[in-house]
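The values are calculated or read from the model by the stated rules, or taken from the named source; none is laboratory data. All values reported here derive from a predicted model rather than from experimental measurement. Methodologically, a virtual Cβ is constructed for each residue, glycine included, from the backbone with ideal geometry; neighbour enumeration extends over all protein chains shown.
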Amino acid sequence: MTSGDACHTCYKLPKAYFSRGSCCVLEEFTKHKSEILAVIESIESLTTEEGGAADNLLSMVREQLITNCFNLVILGQFKRGKTTLINSLIGKEILPSSVVPLTSMVTILRFGKELRCNIFMEDGSEKNIRIEELSDYVTEKGNPKNVRGVRCARIEYPSPFLGEGILLIDTPGIGSTFMHNTETTYNFLDHLDAALFLMSADVPISQVEKELIETIKGSTQKIFFVLNKIDNLAPKEIEEIIAFNKQVLEEMGVTVDEILPISAREALKAKGANNNIQLSQSGLLHLENTLGRFLSSEKGKIVLNTTISKTQRFIARKLSQIAIEKKTLESSGEELEDKLNTFHKLVTNLKQDREDIAYLLKGESDKLCLKVEEMLRILEEKETTRIKQRLTDFYGKTPDLSPTVFRNEMQKVIKEEIVKGFDIFRKDTEQAISQSIQDAFNRFTKRSNDIIREFKAAAEILFEVTMDQSEFTVELTKDNSFYYMVQDYTAPTEEEVKSILRTLLPKSMSRKMVFHEMMERVSSDVGRNCGRTRSDLTTRIGKTIGHYSKQLKELGIDLIAQIEQAIQKGQERRRAGEESVRIELRLLADKANKLKEYKENLASIGNAINLVGVKQGQMGMKMG
């Protein structure tokens, strides 16, 4: 589940939601956002006749700014009151809550003009349900172990808190009796932009909570720490638990501006009864204002600066294309032909370099598979010997067990030891293979970027222009399909026959028969799992390197297309005659001047945005 999956339409947040200070920040954000969108609109109008991928890129930048979606993920151990807190933030008891571990699925809330609930299934289907049916899909009681195959739930609701593209995300509690709930939460951590971490006032921070914080502290720039259930404690006790938790967090290396004390239960009651005094006492207003300041200032600043940077890069590409087209129009026929021949040679060399790297990558893949083969050969010998010794020891220590019980217990020993041995191997091998792949990719990525830089430098000299710098990047595929399995040993009918035969033999002889049978199965079971592991690892290596190779095929394609598009347009104008060339040169000069003006406008907007951030910081220091 990605941010894009959850975010299709976003709405503007009513200014009345924020406090006076944060409202001013929101006005600044809205102003700068409008200014940037106006510049983007002007650029689109100026370049719309050119078409192509570049315009699509600018459209994507504009759409990202308009939607401005942001994942605020609610995290914490089970039964800390996450669902109640979300209900209090949106002002209505929409999400189901209970006294037992309840939430089992990720639930996403976003702004909508009316209440609407959609369930997204793992098979890709989607269904619209009544809000009263939600518990049948997202709770442990209604959907135990996710037997329904739900991917996530999405609720739309006209709450002011969900404005400006805020996605409020409820996750299952970690550390509950249901391991799959904890896994669901951890699997979603890649998608958080900011986290609201909920602790409880009635217990100190736990080891499970500390482990989750360790996991997320490097993946998000902002964590809001909230202490819930303060209605159970006296003011002095609240201060003590806040001080204790803050000390623990800071010892972990976590920066804690403050821990916000609230009673989500009292806040929800207060909103339902429209009781402002009770709402203020619950602590929720302070939390809302803190979130509001962040969402309208820090978050907005990041969004705006990112949009400006991407738009300026788009302008730089357009200016390069204009310069190349201009050079194509101004060159003599012979000079242009020489330039085109040289450019085509550069493209041919780049394609050959790509093929060479792809060939070397194939060799790297083969080397890694041979490495896996050797590691598994050593593992098979080692584990077979180790488990057989373990069975021998067990045989000597259990002389009183009957043959049937003895056989069952030895089966358990084999299963436990295979899982134990392969667990260790899996951890060590995955790390070694991942490091080998990463080292190879680092070498090839450096080589690819050197090739791109050489191509770019040659093209710049050839056409006497400065072109946008681009780096080849690649993301490793994340495939968790690695597994192993201990097969069932014998069919029931076969075991029944052997069991009958054992009853006719002396106990000592029957035990020896069982012992030798189990010793033989050790070799076959270890070998079978080595084969399964070999298949898994080589498949994953192939997928990862294949993913890299696929992206490698795109190396330089944007740069080539950028140049070819400009050349093609220049050649078309030349064929149209000298008057067409003169008109086009004037248009290009005018377009270049306007693009440079838009670039300067964006730089001015960026300076204003960052100056506001500095002033706010200075004001905060003075107030402190």
>> Checking the condition at pLDDT 85 or above and surrounded by fewer than 19 Cβ atoms within 10 Å (Cβ to Cβ), which residue from S280, S331 passes?
In response: S280
> Given the structure, is K569 of a type outside the set (A, V, I, L, M), surrounded by 15 or more Cβ atoms within 10 Å (Cβ to Cβ) and not assigned by TED's automatic domain parsing to the domain that holds T348?
Replying inline: yes
> Out of the range 586-612, which residues are among the basic types (K, R) and surrounded by 12 or more Cβ atoms within 10 Å (Cβ to Cβ)?
Replying inline: K591, K594, K596, K599
> Where residues in the range 418-467 are aromatic (F, W, Y) and more than 30 Å from L537 (Cβ to Cβ), which of them is surrounded by the fewest Cβ atoms within 10 Å (Cβ to Cβ)?
Replying inline: F455
>> Going by what's in this entry, would K236 be described as basic (K, R), closer than 15 Å to A201 by Cα and surrounded by 14 or more Cβ atoms within 10 Å (Cβ to Cβ)?
In response: no
>> Just the residues that are at pLDDT 80 or above and farther than 19 Å from G283 by Cβ, please, taken from the range 208-233.
In response: E209, K210, I213
> Only one of I315, I277 is of a type in the set (V, I, T), touching a residue at least 40 places away in the same chain (Cβ under 8 Å) and in contact with a helix residue (DSSP H, G or I) (Cβ under 9 Å, 6 or more places away or on another chain); which?
Replying inline: I315
> Within the bounds of the range 362-379, is there any residue that is within 23 Å of E454 (Cβ to Cβ), in contact (Cβ under 8 Å) with a residue 40 or more places away in the chain, out of contact with any Phe, Trp or Tyr (no Cβ under 9 Å at 6 or more places or on another chain) and outside the structural domain of S42 (by TED's automatic domain parsing)?
Replying inline: no
> When you look at T429, is it modelled with pLDDT of 50 or more, in a helix (DSSP H, G or I), within 25 Å of the chain's Cα centre (by Cα) and under 30 Å from L319 (Cα atoms), yes or no?
Replying inline: no
> How many residues are small (G, A, S), part of a helix (DSSP H, G or I) and more than 37 Å from the chain's Cα centre (by Cα) when one looks only at the range 316-350?
Replying inline: 2
>> Which residue is modelled with the lowest pLDDT, if the candidates are limited to the range 162-187 and must be assigned to a loop (DSSP other than H, G, I, E, B) and touching a strand residue (DSSP E or B) at 6+ places or on another chain (Cβ under 7 Å)?
In response: G175
>> Please pick out the residue among A323, A264 that is surrounded by 16 or more Cβ atoms within 10 Å (Cβ to Cβ), touching a strand residue (DSSP E or B) at 6+ places or on another chain (Cβ under 7 Å) and of a type in the set (G, A, S).
In response: A264
> Just to be sure, is Q411 surrounded by 14 or more Cβ atoms within 10 Å (Cβ to Cβ) and not hydroxyl-bearing (S, T, Y)?
Replying inline: yes
> Among the numbered criteria (1) modelled with pLDDT of 75 or more; (2) assigned to a strand (DSSP E or B); (3) among the polar types (S, T, N, Q), which single criterion is violated by N71?
Replying inline: (1)
> Among the residues of the range 545-553, is there at least one that is among the basic types (K, R), modelled with pLDDT under 85, loosely packed, with under 12 Cβ neighbours inside 10 Å and assigned to a helix (DSSP H, G or I)?
Replying inline: yes
> If you check A458 against the conditions, is it in contact (Cβ under 8 Å) with a residue 60 or more places away in the chain, within 24 Å of K371 (Cα to Cα) and not polar (S, T, N, Q)?
Replying inline: no
